[in-house]
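Asks: I have a structure I would like to understand better, so I am pasting it below and will then ask my questions one at a time.
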Amino acid sequence: MKNRIKLTNGPNPASARKCWNVITGAGSDSAEITLYGDVCSQQPTDWWTGEPAPGLYITPEGFLDDLAQIKDKSEIVVKINSGGGDLYTGIAIHNALKSLKGHKTVIIEGLAASAASVIACAGDEVQVHAGSMIMIHGAAVCVVDFMTAEDVKKIAKNLEAANSAIAQIYHQKTGLEIESLRSMMKAETWMVGKDAVDKKFADTLLSDAGPSMSLSADKKVLLVAGVRHDVKAFHNIPGTIPVKPDASAESAAVNKKEPPVSGKGETTMTEKELRAQFPDIIAAIETAATEKARTDAVNGERARLKAIEEIESQIGDPALIADAKYGANACTAEQLALKAMQAQAKLGAAHLTALASDGEKSGVKDVSGNPNGGNGDTGSDDAAELKGIVDAYKSQTGGSRR
């Protein structure tokens with residue numbers, strides 16, 4: 001029963017897959033609705049592809065249109081197995097079911113928690129198995145943003161209004177006092193089988209034991225009648241539920257199934273049961289998966305080598321390229337480019353160090369700023385040169401003056 005503030009990005013959501021089944025026979029005056037999975041404001045999608053995310057979801061998209069087709073049926077059965085989710089979606093579905101003229105029988109086939117418990121209250125008669133569970137709690141909100149004091153007050157006001165609406169729906173169903181219901185919501189109250197009947201959230205206790213259920217070892221996954229429920233946000237899960245270390249793993253694949261439809265003879269099975277009853281099918285699936293994985297690996301390796309070859313001329317280091325392709329440090333083209341840049345940076349630093357060392361050894365620091373053609377003290381040399389010129393002149397002229 002969480003009112004989530006969502007930030008969305010990426011492709012536009014694809015058309016939602018129906019998350020329910022509405023069954024009505026030709027000429028029949030009855031109908032059946034099956035609601036399994038999380039209650040969401042819209043069908044969750046993959047951020048990158050926009051395709052519907054795998055799993056079971058109860059959303060309002062198209063639901064009202066289907067209800068319009070059975071609005072004149074005199075008997076309507078609603079089967080629920082849900083851990084809840086978006087509060088306002090739960091209230092909207094509750095109101096839509098409530099408005100139907102026919103007699104509505106709600107059967108809790110496994111779990112009706114949080115927002116799903118609100119939906120269940122639309123039933124004129126609510127039936128539970130001995131092991132069925134109903135859970136109620138107060139509204140919660142997840143906010144990711146900076147907030148002022150006024151923003152917080154506004155959120156608190158909205159939460160109070162939501163809790164009042166929930167309590168009123170429970171009051172209409174049970175006849176319990178509002179304050180008593182608010183206390184039960186605050187405490188996160190779980191009701192199993194007969195307890196739900198005693199507290200007036202259910203009207204009839206069915207004779208059979210009802211759904212099988214198990215809790216994962218980390219108590220984050222509840223597997224009820226083959227459907228996976230994320231319960232990590234819940235606090236008071238009944239301690240009578242058996243804990244199975246592999247409950248989470250078993251439920252991962254089961255939760256991707258379509259909701260079961262009465263009359264089709266569907267049976268929920270564990271992985272071990274599937275392998276025992278359908279070994280050929282499982283073997284074919286695993287072979288196909290292995291072959292696909294091998295093909296994907298080959299194509300990925302070819303793409304990696306091709307990308308490296310496209311930048312070889314810019315790298316200019318055969319040893320580095322060979323190691324990137326086939327060596328112990330095999331890597332992608334992007335990683336190779338980074339390694340080449342790092343190597344060039346090291347070479348540049350070494351070159352600068354060598355230049356500085358050569359300068360030290362050359363004695364350039366001792367050279368003055370006055371140029372002299374590369375000669376030292378030239379005063380005495382100039383005098384000697386002048387004397388030589390004079391002596392040569394004298395020898396040619398006999399030392400006489402003209």
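Asks: When you go through (1) assigned to a loop (DSSP other than H, G, I, E, B); (2) crowded, with 22+ Cβ neighbours inside 10 Å one by one for Val118, which number turns out not to apply?
Replies: Among (1) assigned to a loop (DSSP other than H, G, I, E, B); (2) crowded, with 22+ Cβ neighbours inside 10 Å, the lone unmet condition for Val118 is (1).
Asks: Moving on to the next point. Only one of these conditions is not met by Gly84: (1) more than 22 Å from Val126 (Cα to Cα); (2) touching a helix residue (DSSP H, G or I) at 6+ places or on another chain (Cβ under 7 Å). Which number is it?
Replies: Only one criterion in (1) more than 22 Å from Val126 (Cα to Cα); (2) touching a helix residue (DSSP H, G or I) at 6+ places or on another chain (Cβ under 7 Å) is unmet by Gly84, namely (1).
Asks: Let me ask something else. Which condition breaks for Asp145 when tested against (1) within 29 Å of the chain's Cα centre (by Cα); (2) in a helix (DSSP H, G or I); (3) not aromatic (Phe, Trp, Tyr)?
Replies: (2)
Asks: Further question on the same structure: Taking Gly123 as the residue in question, decide whether it is in contact with a Ser or Thr (Cβ under 9 Å, 6 or more places away or on another chain), assigned to a loop (DSSP other than H, G, I, E, B) and under 23 Å from Ile33 (Cβ atoms).
Replies: Yes.
Asks: Just wondering, is there one or more residues in the stretch 39-54 that are under 26 Å from Gly210 (Cβ atoms) and in a strand (DSSP E or B)?
Replies: yes
Asks: For the subset of the stretch 263-300 comprising residues that are more than 30 Å from Val77 (Cβ to Cβ) and surrounded by 12 or more Cβ atoms within 10 Å (Cβ to Cβ), which member is modelled with the highest pLDDT?
Replies: Restricting to residues being more than 30 Å from Val77 (Cβ to Cβ) and surrounded by 12 or more Cβ atoms within 10 Å (Cβ to Cβ), the top hit is Ile285.
Asks: Restricting attention to the stretch 181-213, which residues are open to solvent by 20 Å² or more (accessible area, probe 1.4 Å), of a type outside the set (Ser, Thr, Tyr) and assigned to a loop (DSSP other than H, G, I, E, B)?
Replies: Lys199, Lys200, Asp203, Leu206, Asp208, Ala209, Gly210, Pro211
Asks: Separate question: In the stretch 23-52, which residues are hydrophobic (A, V, I, L, M, F, W, C), surrounded by fewer than 16 Cβ atoms within 10 Å (Cβ to Cβ) and modelled with pLDDT of 60 or more?
Replies: Trp47, Trp48
Asks: List pairs: first residue in the stretch 214-241 and farther than 19 Å from Gly55 by Cα and modelled with pLDDT of 85 or more, second residue crowded, with 18+ Cβ neighbours inside 10 Å and aromatic (Phe, Trp, Tyr) anywhere in the structure, Cβ distance under 8 angstrom, at least six positions apart or on different chains.
Replies: Asn236/Trp190; Ile237/Trp190; Pro238/Trp190
Asks: Something else now. Looking at the stretch 68-88, is at least one residue part of a strand (DSSP E or B), touching a residue at least 24 places away in the same chain (Cβ under 8 Å), farther than 20 Å from Lys194 by Cα and open to solvent by less than 10 Å² (accessible area, probe 1.4 Å)?
Replies: Yes; the residues of the stretch 68-88 include at least one that is part of a strand (DSSP E or B), touching a residue at least 24 places away in the same chain (Cβ under 8 Å), farther than 20 Å from Lys194 by Cα and open to solvent by less than 10 Å² (accessible area, probe 1.4 Å).
Asks: Another question, if that's okay. When you go through (1) open to solvent by 10 Å² or more (accessible area, probe 1.4 Å); (2) touching a helix residue (DSSP H, G or I) at 6+ places or on another chain (Cβ under 7 Å); (3) part of a helix (DSSP H, G or I); (4) farther than 22 Å from Tyr36 by Cβ one by one for Ile169, which number turns out not to apply?
Replies: Ile169 satisfies every listed condition except (4).
The values are calculated or read from the model by the stated rules, or taken from the named source; none is laboratory data. Everything quoted here is computed from the prediction, not taken from an experiment. Please note: Cβ atoms are built from the backbone with ideal geometry, for glycine as well, and neighbour counts cover all protein chains shown. Side chains are part of the model used for accessible areas, which takes the heavy atoms of the whole protein and leaves out ligands, DNA and RNA. Shrake-Rupley method; radii C 1.70, N 1.55, O 1.52, S 1.80 Å.
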